[in-house]
Ligand code: CA
């Protein structure tokens with residue numbers, strides 16, 4: 001197990017970890033919301049005559065909405081969506097998501113965030129989501145654990161995952177940290193690619209329907225079946241990465 005951490009250090013030319021922050025993806029990591037996102041996307045696209053499967057949206061998870069829409073338009077219509085189409089489609093998807101979403105948490109997400117926060121680590125949310133109610137929701141479900149100013153959302157970034165920009169911004173907001181001073185907790189291939197491209201050690205928890213292999217192929221350093229498994233393994237990892 002220790003080798004996984006040593007391999008990371010060696011391949012990134014670091015001599016040690018110096019952990020200061022944990023960067024959390026939101027949907028599928030903190031909230032059990034991906035099933036509602038995928039249902040809302042699938043139904044919205046059907047209404048606009050674009051064929052999709054509910055499952056494929058797990059492949060696009062983490063990307064900002066406008067990129068997902070362009071990807072599907074190119075595949076099904078051979079062109080990008082217009083700005084107006086993007087706006088209408090994203091609004092419809094957001095409205096459906098609001099109807100369906102029950103705000104349930106991924107089991108053990110609150111416990112894990114609280115645990116690392118009580119160890120003195122900075123805890124940040126780095127998400128491709130642009131929901132306006134997001135900050136209030138986070139403050140309600142994770143009181144005192146995430147600060148408003150340090151959150152990275154769809155409104156902060158130009159490119160979005162799988163581009164490293166959101167996680168690089170997360171490092172900056174956490175206090176201009178270097179990659180070996182943080183870890184990322186992700187659940188989706190595009191999010192893992194973003195974290196890896198930012199050079200950060202990435203723990204994937206597989207809370208969706210994709211295979212564990214799809215998460216390790218995307219570049220996750222560790223793949224676990226659940227947040228509960230991360231909570232339980234943390235006492236083994238922490239002495240190695242606290243620096
Ligand atoms: Ca996610």
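The values are calculated or read from the model by the stated rules, or taken from the named source; none is laboratory data. The structure displayed is predicted, hence computed values, not measured ones. We place every Cβ from the backbone using ideal geometry, glycine too, and count neighbours over all the protein chains shown.
Remarks
- Selection count where residues are modelled with pLDDT of 95 or more, more than 16 Å from the ligand (Cβ to nearest atom), in a loop (DSSP other than H, G, I, E, B) and closer than 29 Å to residue 221 by Cα, scope segment 1-52: 9
- All positions within segment 55-88 that are more than 16 Å from the ligand (Cβ to nearest atom), outside any helix (DSSP H, G or I) and farther than 24 Å from residue 164 by Cβ: 78, 79, 81, 82
- Segment 1-15 residues that are in contact (Cβ under 8 Å) with a residue 24 or more places away in the chain, paired with ones that are assigned to a helix (DSSP H, G or I) (beta carbon under 6 Å, 6 or more apart): 5/240; 14/180
- Every condition in (1) under 17 Å from the mean Cα position of the chain (by Cα); (2) in contact (Cβ under 8 Å) with a residue 40 or more places away in the chain holds for residue 131 except the one numbered (2).
- For segment 171-190, the set of residues classified as on the phi < 0 side of the Ramachandran plot, more than 16 Å from the ligand (Cβ to nearest atom) and in contact with a helix residue (DSSP H, G or I) (Cβ under 9 Å, 6 or more places away or on another chain) consists of 171, 173, 174, 177, 178, 179, 180, 181, 182, listed by residue number.
- One residue stands out in segment 142-170 among those that are in contact (Cβ under 8 Å) with a residue 40 or more places away in the chain, in contact with a helix residue (DSSP H, G or I) (Cβ under 7 Å, 6 or more places away or on another chain) and in a helix (DSSP H, G or I): the one that is farthest from residue 242 (Cα to Cα), namely 166.
- Of all residues assigned to segment 53-66, at least one qualifies as being at pLDDT 95 or above and over 21 Å from residue 205 (Cα atoms).
- Only residues that are closer than 22 Å to residue 15 by Cα and either crowded, with 23+ Cβ neighbours inside 10 Å or not assigned by TED's automatic domain parsing to the domain that holds residue 8 (or both) were counted in segment 204-224, giving 1.
- The single condition among (1) surrounded by fewer than 12 Cβ atoms within 10 Å (Cβ to Cβ); (2) assigned to a helix (DSSP H, G or I); (3) under 25 Å from the mean Cα position of the chain (by Cα) that residue 102 does not satisfy is (2).
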